[in-house]
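Written out below as structure tokens is the structure these notes cover.
The values are calculated or read from the model by the stated rules, or taken from the named source; none is laboratory data. Every value quoted in this text rests on a predicted model; they were computed, and no experiment measured them. Heads up, the Cβs are rebuilt from the backbone with ideal geometry, glycines too, and the neighbour counts pull from every protein chain shown.
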Amino acid sequence: MAPRIEHLVTSGSFSLDGGTWEVDNNVWIVGDDREVIVIDAAHDAEAIAARVGDRTVRAVVCTHAHNDHVNAAPALADRTDAPVLLHPDDRVLWQACHPDREPDGDLGHRRRLTIADTEVIVLHTPGHTPGAVSLYVPELTAVFTGDTLFAGGPGATGRSFSSFPTILRSLEEELLVLPPETVVHTGHGESTTIGAEAPHLEEWRARGY
């Protein structure tokens, strides 16, 4: 069975630095008819579990620990008996959302995950948050960037624990060097490609975007 990418949009709120905003989040499911990983379990564990169906969830993978990306992770993990995986540099943000529950495992730079006989490469891409990661799946010509790279530019860096110079370095060294045909599946909004975004790096740098 060939691996595939499935997409679900869930809605809820994002809270940080004393503000709260209503947001739509992309939830990505990667795998086949037998097993999957869930990337960014946002807002609605029941809806995500319904989309997964009777397949085995091998991991609930968090691209970063802003609450809108992890608020449904423990409930989904408990429901599916799957581990929650997060980069350790985002533990402080995780604890703000889930003070009584720790992630089950760490995501490290260049760690390999395997789902449906397909390799998923973890890329540490800090800047939006200290522990932000992107998940590169060469076989599917895809990378899941969370809030590090969107159609039109890098993720926001104006909030606590974020850094514009750091996110630019992550883009330059880890993401924009991927093959140009690689499809960028983002945490919010429409997908794009590395080839569409890479020419704009210097523009972003000059703007302080």
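Any residue at all in the stretch 130-152 that's touching a helix residue (DSSP H, G or I) at 6+ places or on another chain (Cβ under 7 Å), surrounded by 15 or more Cβ atoms within 10 Å (Cβ to Cβ) and farther than 24 Å from residue 60 by Cα? No. The set of residues in the stretch 25-43 being surrounded by 21 or more Cβ atoms within 10 Å (Cβ to Cβ) and charged (D, E, K, R) consists of 40 alone.
Report whether or not residue 153 is at pLDDT below 95, farther than 17 Å from residue 90 by Cβ and not acidic (Asp, Glu). Considered against the rule, which asks whether it is at pLDDT below 95, farther than 17 Å from residue 90 by Cβ and not acidic (Asp, Glu), residue 153 comes out as no.
Within this structure, residue 139 fails the test of being closer than 20 Å to residue 4 by Cβ and free of Cβ contacts under 8 Å to residues at least 24 places away in the same chain.
Applying the set (1) within 20 Å of residue 162 (Cα to Cα); (2) under 16 Å from the mean Cα position of the chain (by Cα); (3) not aliphatic (A, V, I, L, M) to residue 95 leaves exactly one unmet item: (2).
Apart from one condition, residue 114 fits all of (1) under 16 Å from the mean Cα position of the chain (by Cα); (2) part of a strand (DSSP E or B); the exception is (1).
Of the helices (runs of 4 or more DSSP H) lying entirely inside the stretch 31-106, those containing at least 1 residues that are touching a Leu at 6+ places or on another chain (Cβ under 8 Å) span 45-52, 67-70, 91-97. In the set 205, 169, only one residue is touching a residue at least 40 places away in the same chain (Cβ under 8 Å), more than 16 Å from residue 63 (Cβ to Cβ), surrounded by fewer than 23 Cβ atoms within 10 Å (Cβ to Cβ) and not β-branched (Val, Ile, Thr); that residue is 169.
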